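Asks: One structure coming up, written as structure tokens, with questions to follow.
The values are calculated or read from the model by the stated rules, or taken from the named source; none is laboratory data. Just so we're clear, the structure is a prediction, and the values are computed from it rather than from any experiment. Positions of Cβ are generated from backbone atoms using ideal geometry, with glycine treated the same way; all protein chains shown enter the neighbour counts.
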Amino acid sequence: EAQVTQNPRYLITVTGKKLTVTCSQNMNHEYMSWYRQDPGLGLRQIYYSMNVEVTDKGDVPEGYKVSRKEKRNFPLILESPSPNQTSLYFCASSLNRDEKLFFGSGTQLSVL
Amino acid sequence: AQRVTQPEKLLSVFKGAPVELKCNYSYSGSPELFWYVQYSRQRLQLLLRHISRESIKGFTADLNKGETSFHLKKPFAQEEDSAMYYCALSRGSGAGSYQLTFGKGTKLSVIP
């Protein structure tokens, strides 16, 4: 089944403890991106990637890192999480810019 | 900078009544515009995009460049239309600027 898979679904951590949220797609998509969803703020783009080894900042990149070493994977890294990064995170992919986005099921992160 | 504005956080309509979800944007170039929908307990998914000029589940949206709007309309609301709706704008300038900006979303509630 064609899909975007995120792990974990839920994560509780403490301030400063590095974490990685994984994202994988099996559709050979070029474009992948990360969003965070917060009440009243909607979806905000964190980072995106146009292809392997090509990434760029979205609207809210501070405190996050990404890498795209393989086409199918696009992990989101929080080197030193802080409570203001508590949010619902979505990964998405699409064939290219003009095609529809396929979203993952989300990762609810709580930073204490 | 690009911006997407959805002025209504919540819109309630009766079943069978017309629906219009407003979306205004600001962007100096030629935008690509989308509507995404999130039903309860489901992933975000594409509803429609302006370049395809299609009608999905009875919804249509016309890009009005003069008014910089991309309102979503449906003549007769159904209960299953109750969901969160996001308008989104994509821009691409030159080599791979794939930044995608979402509005804050409008929650549509269809009253039986």
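Asks: How many residues, within segment A:90-111, are within 14 Å of another protein chain (Cβ to nearest Cβ), over 13 Å from B:R43 (Cβ atoms) and under 14 Å from the mean Cα position of the chain (by Cα)?
Replies: Residues flagged as within 14 Å of another protein chain (Cβ to nearest Cβ), over 13 Å from B:R43 (Cβ atoms) and under 14 Å from the mean Cα position of the chain (by Cα) within segment A:90-111 amount to 2.
Asks: Could you tell me which of the residues B:E67, B:E20 is in contact (Cβ under 8 Å) with a residue 12 or more places away in the chain, farther than 15 Å from A:L101 by Cβ, in a strand (DSSP E or B) and away from chain A (no Cβ under 11 Å)?
Replies: B:E20
Asks: Yes or no: B:Y39 modelled with pLDDT of 90 or more and exposed (fewer than 15 other Cβ atoms within 10 Å of the Cβ)?
Replies: When the stated conditions are applied, B:Y39 passes them.
Asks: Determine if segment A:8-21 includes at least one residue that is away from chain B (no Cβ under 13 Å), touching a residue at least 60 places away in the same chain (Cβ under 8 Å), part of a loop (DSSP other than H, G, I, E, B) and of a type in the set (S, T, N, Q).
Replies: Checked segment A:8-21: at least one residue is away from chain B (no Cβ under 13 Å), touching a residue at least 60 places away in the same chain (Cβ under 8 Å), part of a loop (DSSP other than H, G, I, E, B) and of a type in the set (S, T, N, Q).
Asks: How many of the residues making up segment A:77-101 are farther than 16 Å from A:N7 by Cβ and among the hydrophobic types (A, V, I, L, M, F, W, C)?
Replies: Count: 2.
Asks: Which count do you get for residues in segment B:81-111 that are at negative phi and at pLDDT below 80?
Replies: Total meeting the criteria: 7.
Asks: Does segment B:35-46 contain at least one residue that is in contact with an Asp or Glu (Cβ under 8 Å, 6 or more places away or on another chain), of a type outside the set (G, A, S) and outside any loop (DSSP other than H, G, I, E, B)?
Replies: Within segment B:35-46, none of the residues are in contact with an Asp or Glu (Cβ under 8 Å, 6 or more places away or on another chain), of a type outside the set (G, A, S) and outside any loop (DSSP other than H, G, I, E, B).
Asks: If A:H29 passes every condition in (1) touching a Leu at 6+ places or on another chain (Cβ under 8 Å); (2) assigned to a loop (DSSP other than H, G, I, E, B); (3) within 14 Å of chain B (Cβ to nearest Cβ); (4) surrounded by fewer than 16 Cβ atoms within 10 Å (Cβ to Cβ) but one, which one does it miss?
Replies: (4)
Asks: B:K73 - would you say it is at the interface with another protein chain (Cβ under 10 Å from one of its Cβ atoms), within 15 Å of the chain's Cα centre (by Cα) and either in contact (Cβ under 8 Å) with a residue 60 or more places away in the chain or assigned to a strand (DSSP E or B) (or both)?
Replies: Criteria not met by B:K73.
Asks: While we're looking at this one, here's another question. Can you tell me which of A:R68, A:R44, A:R72, A:R36 is at pLDDT 95 or above and in contact with a Lys or Arg (Cβ under 8 Å, 6 or more places away or on another chain)?
Replies: A:R36
Asks: Does segment A:36-43 include one or more residues that are surrounded by 14 or more Cβ atoms within 10 Å (Cβ to Cβ), among the small types (G, A, S) and in a loop (DSSP other than H, G, I, E, B)?
Replies: no
Asks: Also, I was wondering about something else. Among the residues of segment A:93-112 satisfying the criterion of being at pLDDT below 95 and not in a loop (DSSP other than H, G, I, E, B), which is surrounded by the fewest Cβ atoms within 10 Å (Cβ to Cβ)?
Replies: A:F102
Asks: Out of everything in segment A:82-112 that is out of contact with any Gly (no Cβ under 6 Å at 6 or more places or on another chain) and among the aromatic types (F, W, Y), what residue ends up being farthest from B:R91 (Cα to Cα)?
Replies: Going through the qualifying residues, I end up with A:Y89.
Asks: Here's another thing I want to ask about it. If you check B:S28, B:S52, which single one turns out to be among the hydroxyl-bearing types (S, T, Y), over 25 Å from A:D38 (Cα atoms), away from every other protein chain (no Cβ under 14 Å) and part of a loop (DSSP other than H, G, I, E, B)?
Replies: Matching residue, one of B:S28, B:S52: B:S28.
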